[in-house]
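Colleague: Attaching a single structure in structure tokens format; questions to follow.
The values are calculated or read from the model by the stated rules, or taken from the named source; none is laboratory data. Just so it is clear, the model here is predicted, and its values are computed rather than measured. Backbone-built Cβ (ideal geometry, glycine too); neighbour counts: all protein chains shown. Remember, those area values only see protein heavy atoms, side chains included, never the ligands or the DNA or RNA. Shrake-Rupley method; radii C 1.70, N 1.55, O 1.52, S 1.80 Å.
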Amino acid sequence: AAAGLSYVGGYVINTYKSYDNFLQDKYALLPAVIILCVAVVMFIIGLIGCCATFRESRVGLGLFLAIILVIFVAEVSAFVLGFVYREKVSEEL
């Protein structure tokens, strides 16, 4: 997943560079940078999980579980907030 996100982020940045003369908005590359940052974080989390499993470290596996739970709670919270405020977002568009 991290490799796929890295590819998408790099592709978007490369595509925007060819349209640099047309796009003067300084926030145009922000989504691509966010995608690349998420890819790096996912790679680090995956590396922690692999190392903890290989060493059979209870502390490492506990840290990996805590990180995965925090990510899961953040995803569920984003889904619930998006569902609750969907009318407000559609009105502002």
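Colleague: Quick check: net charge around Phe64, other residues with Cβ under 12 Å of its Cβ, Lys/Arg +1 and Asp/Glu -1?
Modeller: Once positives and negatives cancel, what remains is +2.
Colleague: So, one more: Tabulate in residue order the Karplus-calculated ³J(HN,Hα) for segment 55-69, using 6.51 cos²θ - 1.76 cosθ + 1.60 with θ = phi - 60°, rounded to whole Hz; enter x for Gly and Pro.
Modeller: For segment 55-69, the Karplus curve yields 7, 6, 8, 5, 5, x, 5, x, 5, 4, 4, 4, 5, 5, 5 Hz.
Colleague: Considering only protein heavy atoms and a probe of 1.4 Å, how much of the accessible area of segment 26-76 is carbon and sulfur, as a whole percent? Kindly include the intermediate steps, with their values, before the conclusion.
Modeller: Numbers: 3240 of 3990 Å².
Of all accessible area on segment 26-76, carbon and sulfur atoms account for 81 percent.
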